[in-house]
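The values are calculated or read from the model by the stated rules, or taken from the named source; none is laboratory data. This one's a predicted model, so the numbers in the text were calculated from it and none came from an experiment. Glycine gets a Cβ as well: all are built from the backbone with ideal geometry, and neighbour counts include every protein chain shown. Keep in mind that these areas ignore ligands, DNA and RNA; they rest on the heavy atoms of the full protein, side chains included. Shrake-Rupley method; radii C 1.70, N 1.55, O 1.52, S 1.80 Å.
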Amino acid sequence: MALWFGTALLPDGWASNVRLTIADGRITHIESGVEAGPDDERHGIAIPGLCNVHSHGFQRGMAGLAEVRGPAGDNFWTWREVMYHFLDRLTPEQVEAITALAYIEMLESGFTRVGEFHYLHNDPSGAPYANIGELSERVVAAASETDIGLTLLPVFYAHSNFGGAPPTHGQRRFISTVDGFAKLVDAGRKAIGNLPDANVGVAPHSLRAVTPEEFTAIVPLANGGPIHIHAAEQVKEVDDCVAWSGARAVEWLLDHADVDSRWCLVHATHVTPAERSRLARSGAVAGLCPITEANLGDGIFPAKDYMGEGGRIGFGTDSNILIDAPGELRALEYAQRLSGRARNVLAVREGRSTGRTLFDAGLSSGAQALGQSRIGISEGAPADIVSFDSADLAYAGRKGDALLDAWIFAGGKVDCVWRGGRKVVHNGRHIWRDSIATRYRRALESVLE
Ligand code: ZN
């Protein structure tokens with residue numbers, strides 16, 4: 001089949017009258033400056049789909065439930081109690097229903113692939129399911145039903161704090177031993193089965209949840225795949241890390257792990273200038289989740305200096321409080337503007353579009369963080385394409401990077417999305433939205449009753 005676009009963002013820039021030939025889910029041929037063929041599907045504007053580097057799918061079901069003020073100061077740690085309560089009795093069917101809704105919203109917003117940081121492993125009593133891969137299979141089922149590209153990141157979680165502190169009751173569904181975790185990773189590899197373009201990495205949850213011995217044992221299970229870890233999201237976590245080891249969280253990782261381009265340090269919010277520069281040089285990706293970080297009051301990542309040093313950033317939706325691909329890019333830039341009292345902070349040079357800078361960074365580094373080497377609208381890459389309708393007023397009279405700026409900053413909508421060559425979003429709606437939404441509603445009415 002072939003798709004024709006009035007304009008498309010290709011690896012070497014915007015091109016006009018672009019015709020893409022697609023076979024077996026991949027782009028096999030690109031022509032520009034050509035007329036559409038008689039059977040081509042014609043659209044206005046095409047950009048590549050983005051990778052969402054960090055998601056906890058089931059948390060979509062508790063979006064907005066932690067916005068009520070508690071007795072003392074609310075913070076990340078009080079939010080976490082709400083989250084623990086929410087997942088207390090979730091069934092595998094409910095996990096699948098909620099995750100599937102999250103995935104259609106990701107596709108509708110412009111993400112065509114997700115890195116699922118999957119830490120819910122055990123049954124409500126805290127025991128492994130008879131099928132240890134039960135919940136991994138539910139995540140894979142949600143990806144399969146929605147057609148989103150999946151990087152499954154099974155999470156190792158064993159402790160409530162630094163120094164191997166025993167886990168709390170609220171953490172019982174996350175906990176595994178090193179041997180049990182190896183089985184979970186194997187089960188994840190089996191679960192992705194024939195899911196097109198899927199891959200598996202590993203994720204030590206955070207330095208507070210994993211001892212150095214466990215860390216050393218589980219990282220090699222990535223077997224060349226991506227390695228993700230939450231790091232330095234909270235000041236308390238960094239302070240606790242210093243009290244435990246004498247080093248800050250990102251510093252400890254850079255000192256003790258072979259942090260390179262396979263790694264994604266999620267958040268990395270609280271870094272000193274020295275940690276920031278070392279992280280930039282390592283080739284790892286900082287997995288930024290600006291909407292969640294704002295919602296949780298985490299703090300502001302020093303993106304300007306880090307990107308100025310060549311540091312790589314990917315974007316994630318993390319808690320899924322609001323699934324909004326352009327909104328993540330916008331939130332990162334706006335936090336920098338508010339804190340620095342300046343505009344166009346992250347655009348790399350005079351005359352450069354801020355939206356294009358953020359999009360290019362998120363596209364290439366997001367793919368790197370999820371272990372994907374073929375990216376963008378290029379021959380051989382999966383046909384993961386997002387289109388905008390030229391009739392959308394947000395795009396009126398605009399061309400080139402101004403189209404991206406309209407999408408990211410000025411409310412431009414997504415029209416269609418193809419994932420692996422299949423058209424899954426049409427007129428801004430996922431083709432299975434109605435059935436998945438019905439199942440989600442039933443699940444939530446039962447969970448929250
Ligand atoms: Zn997270």
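Restricting the first residue to segment 273-302 and requiring it to be within 14 Å of the ligand (Cβ to nearest atom), which pairs with a second residue that is of a type in the set (F, W, Y) and open to solvent by 30 Å² or more (accessible area, probe 1.4 Å) meet a Cβ separation below 8 Å and a spacing of at least six or different chains?
L296/W79
Checking the structure you have, find out if any residue of segment 197-217 is open to solvent by 30 Å² or more (accessible area, probe 1.4 Å), basic (K, R) and either modelled with pLDDT of 95 or more or closer than 20 Å to N52 by Cα (or both).
So far as segment 197-217 goes, no, none of its residues is open to solvent by 30 Å² or more (accessible area, probe 1.4 Å), basic (K, R) and either modelled with pLDDT of 95 or more or closer than 20 Å to N52 by Cα (or both).
Which residues, taken from segment 43-71, are aliphatic (A, V, I, L, M) and within 16 Å of the ligand (Cβ to nearest atom)?
V53, M62, A63, A66, listed by residue number.
Which ones in segment 318-337 are within 16 Å of the ligand (Cβ to nearest atom) and surrounded by fewer than 20 Cβ atoms within 10 Å (Cβ to Cβ)?
L322
Restricting attention to segment 171-198, which residues are out of contact with any Pro (no Cβ under 9 Å at 6 or more places or on another chain) and more than 13 Å from A127 (Cα to Cα)?
V178, D179, A182, D186, R189, K190, A191, I192, G193, N194, L195, A198
I'm trying to understand the selection: among the residues of segment 290-317, which are open to solvent by 40 Å² or more (accessible area, probe 1.4 Å) and of a type in the set (S, T, N, Q)?
Residue satisfying the conditions is N295 alone.
Only residues that are open to solvent by 20 Å² or more (accessible area, probe 1.4 Å) and either closer than 23 Å to E445 by Cα or not assigned by TED's automatic domain parsing to the domain that holds T317 (or both): list them for segment 41-72, please.
The answer is E41, R42, H43, R60, A63, G64, L65, A66, E67, V68.
Regarding L265, is this residue within 12 Å of the ligand (Cβ to nearest atom) and out of contact with any strand residue (DSSP E or B) (no Cβ under 7 Å at 6 or more places or on another chain)?
no
Which pairs do you get when a residue that is without any contact (Cβ under 8 Å) to a residue 24 or more places away in the chain and at positive phi, found in segment 353-366, comes within reach of a residue that is open to solvent by 10 Å² or more (accessible area, probe 1.4 Å) and among the small types (G, A, S), reach meaning Cβ atoms under 9 angstrom, with the pair 6+ apart or on two chains?
none
Out of segment 174-187, which residues are part of a helix (DSSP H, G or I) and either at pLDDT below 95 or open to solvent by 50 Å² or more (accessible area, probe 1.4 Å) (or both)?
D179, K183, D186
Yes or no, residue by residue, for (1) modelled with pLDDT of 95 or more; (2) crowded, with 18+ Cβ neighbours inside 10 Å:
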| residue | (1), (2) |
| --- | --- |
| S378 | yes, no |
| A381 | yes, yes |
| G411 | yes, no |
| R429 | yes, no |
| V447 | no, yes |
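Return the total of residues in segment 1-27 being in a strand (DSSP E or B), open to solvent by less than 70 Å² (accessible area, probe 1.4 Å) and either modelled with pLDDT under 95 or under 18 Å from W418 (Cα atoms) (or both).
16
Does any residue in segment 146-173 that is in contact (Cβ under 8 Å) with a residue 40 or more places away in the chain and surrounded by fewer than 23 Cβ atoms within 10 Å (Cβ to Cβ) come within less than 7 Å, Cβ to Cβ, of a residue that is of a type in the set (A, V, I, L, M, F, W, C) and outside any loop (DSSP other than H, G, I, E, B) six or more places away or on a different chain, and which pairs are these?
Here the result reads H159/A165; F162/C241; F162/W244; G163/W244, each pair linking segment 146-173 to a residue that is of a type in the set (A, V, I, L, M, F, W, C) and outside any loop (DSSP other than H, G, I, E, B).
Among the residues of segment 210-223, write down those that are without any contact (Cβ under 8 Å) to a residue 60 or more places away in the chain and either among the aromatic types (F, W, Y) or more than 16 Å from the ligand (Cβ to nearest atom) (or both).
Answer for segment 210-223, where residues must be without any contact (Cβ under 8 Å) to a residue 60 or more places away in the chain and either among the aromatic types (F, W, Y) or more than 16 Å from the ligand (Cβ to nearest atom) (or both): T211, P212, E213, E214, F215, T216, A217, V219, P220, L221, A222, N223.
Tell me the helices (runs of 4 or more DSSP H) entirely within segment 75-167 that contain at least 3 residues that are in contact with a strand residue (DSSP E or B) (Cβ under 8 Å, 6 or more places away or on another chain).
In segment 75-167, 92-109, 134-146 are the helices (runs of 4 or more DSSP H) which contain 3 or more residues that are in contact with a strand residue (DSSP E or B) (Cβ under 8 Å, 6 or more places away or on another chain).
If you take the residues of segment 309-335 that are of a type in the set (D, E, K, R) and part of a loop (DSSP other than H, G, I, E, B), which of them is farthest from C51 (Cα to Cα)?
E309
Consider only pairs whose beta carbons are under 7 Å apart and that are at least six residues apart or on different chains; among these, list those whose first residue lies in segment 402-418 and is among the hydrophobic types (A, V, I, L, M, F, W, C) and whose second residue is open to solvent by 40 Å² or more (accessible area, probe 1.4 Å).
A406/R398; I408/R330; F409/R330; C416/K423; C416/H426
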